């Protein structure tokens, strides 16, 4: 099953998952609105360097919040994805290992 199908199936069958995702998206909209307002106000007229510094600190705090929320969303999506297949052992032909010992592949 591909990840998009697994994600959609989880949305369709798990109301708690759907609610958590809706809550995360709602939580994401608040800092984005704050960012936009802070930047709009900062650009309306010239300000002192200290005021710009405060505005940039506020923007940075909101960006950090958005980053944490995106990580939560990624984790939520990953939880709905099927576990990856274990990797098969790779057999390296003797010719490759012999050449690497001789410095051919380095």
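What to note about this one:
- Label point 7 Å beyond Cα of residue 71 along Cβ direction - residues of region 17-61 with amide nitrogen under 15 Å: 61
- Length-normalised contact order of region 3-83 in % [C-alpha pairs under 8 Å, at least 6 apart]: 48
- What the Cα convex hull of region 3-83 gives, in volume per residue, is 89 Å³.
Each value in this text was obtained by applying a stated rule to the coordinates, not by laboratory testing. Predicted model, so just to flag it, every value in this text is computed and none were measured. Here the Cβ is made from the backbone with ideal geometry for all residues, glycine too, and neighbour counts use every protein chain on show.
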